[in-house]
Amino acid sequence: MDNATTKDRFSFIRKTPLSLHNPVVALLLCLASFFATSFNAMAQTTYTFAVVPQFEQRKLFAIWKPIVDEVAQRSGLSLKLVATLSVPEFEHGIGQGAFDFVYANPYHIMKVSSSQGYIPLVRDSAPLRGILVVRKDSPIHSPAELDGKTVAFPSPNAIGASLLMRADLARLFKATVKPLYVKTHSSVYLHVVNGLASAGGGVEKTLQEQDPSIRDALKVLYTTREMASHPIAAHPRVPKEVREKLRSALLEFGATREGREMLAKVPMEQVVSTSIDDYAAMRTWGLESLWVDE
């Protein structure tokens, strides 16, 4: 190409007006406007983050509010912590798809999968196991001996502490118990220690969170099979890029010393990515008949 031709081409470019009537400029402006609108919409949307009432409300906020705030800052998302007053209220909300993000009973995620389709994002790497506890001085040495006795549970549908535990008591030990639902794991342990129930259903993680005066007064009578831990999951209406921002922020936060200390109170010792496939085995456990619609 000779110099004259090159100069002519550059001269044409210099003389081409950068106006809205130029199709290239118009296209670039449209794309910029689209991405700006999408970014602003994502930044301005506040997503609800609901947590199953595993503790009484004040303790739940003390543990989860700093976590949600830190994850919001790391992800650039606007998140609002939601703490319902009771497990039935939480279950109703998740059944209606009222929450954008949830930390929830894994079986409940499976139960509403066809209607709401919550997508598990992260969980603790340690498995979840239900435990049956009695006082250390209890004369009961086998779950079969609980037939006809009062057993405390946090709620009917708590997967390890109640749902699977009641199934095992009935099917493996032929024990028909009188369930007493006391709302939280902490209340279960207190009821057993104070002699208000012969035994109580909980999970290993929450027992370790109790005050030593409570924990040391109990002994574990039975442990269920293990299952994948409670997930943090997203409703499918949440855009994929937003879901992935939250997942990445949780994994990043969980890898820091500060994050590990804060998440250990959940308890969630080591955050790992997860999916619905990790919970599929629960469909074969025959728990549907024991689920209680409250």
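Remarks
- Here the stretch 43-62 is the region considered, the condition is being β-branched (Val, Ile, Thr) and under 14 Å from the mean Cα position of the chain (by Cα), and the residue that is surrounded by the most Cβ atoms within 10 Å (Cβ to Cβ) is 51.
- In the stretch 120-161, the residues that are more than 15 Å from the chain's Cα centre (by Cα) and of a type in the set (Asp, Glu): 137, 145, 147
- If you go through the stretch 79-105 and pick out every residue that is touching an Asp or Glu at 6+ places or on another chain (Cβ under 8 Å) and buried (at least 22 other Cβ atoms within 10 Å of the Cβ), you end up with 2.
- Answer from 175, 197, 161, 144 - the residue that is farther than 23 Å from residue 265 by Cβ, surrounded by 24 or more Cβ atoms within 10 Å (Cβ to Cβ) and either of a type in the set (Gly, Ala, Ser) or at pLDDT 95 or above (or both): 197
- Neighbours by Cβ (under 7 Å, 6+ apart or cross-chain): first from the stretch 133-144, more than 21 Å from residue 172 (Cα to Cα); second outside any loop (DSSP other than H, G, I, E, B) and open to solvent by less than 50 Å² (accessible area, probe 1.4 Å): 135/192; 135/193; 135/218; 136/218
- Among strands (runs of 3 or more DSSP E) entirely within the stretch 113-182, having at least 1 residues that are farther than 30 Å from residue 244 by Cα singles out 128-135, 150-153, 178-181.
- Every residue from the stretch 70-109 that is of a type in the set (Val, Ile, Thr) and over 24 Å from residue 203 (Cα atoms): 71
- Test: residue 133 is surrounded by fewer than 23 Cβ atoms within 10 Å (Cβ to Cβ) and not hydroxyl-bearing (Ser, Thr, Tyr): no
- Among the residues of the stretch 178-187, those identified as more than 17 Å from residue 230 (Cβ to Cβ) and either of a type in the set (Ser, Thr, Tyr) or surrounded by 23 or more Cβ atoms within 10 Å (Cβ to Cβ) (or both) are 181, 187.
- For the stretch 248-267, the condition of being closer than 28 Å to residue 180 by Cβ, open to solvent by less than 40 Å² (accessible area, probe 1.4 Å) and in contact with an Asp or Glu (Cβ under 9 Å, 6 or more places away or on another chain) holds for at least one residue.
- Close pairs from the stretch 62-79: first farther than 11 Å from residue 249 by Cβ, partner among the hydroxyl-bearing types (Ser, Thr, Tyr), Cβ under 8 Å, at least 6 apart: 64/103; 78/45; 78/46; 78/47
- Filter result (surrounded by 13 or more Cβ atoms within 10 Å (Cβ to Cβ) and not in a helix (DSSP H, G or I)) within the stretch 276-286: 285
- Answer from 221, 207 - the residue that is over 25 Å from residue 112 (Cβ atoms), touching a Leu at 6+ places or on another chain (Cβ under 6 Å) and open to solvent by less than 40 Å² (accessible area, probe 1.4 Å): 221
- Filtering 243, 237 for residues that are open to solvent by 60 Å² or more (accessible area, probe 1.4 Å) and out of contact with any Cys (no Cβ under 9 Å at 6 or more places or on another chain) leaves a single hit, 237.
The values are calculated or read from the model by the stated rules, or taken from the named source; none is laboratory data. Just so you know, these numbers come straight off a predicted model, no measurement behind them. Quick reminder, even Gly has a Cβ in these numbers, built from the backbone with ideal geometry, and neighbours come from all protein chains shown. Protein only, heavy atoms only, side chains kept; ligands, DNA and RNA dropped before computing areas. Shrake-Rupley method; radii C 1.70, N 1.55, O 1.52, S 1.80 Å.
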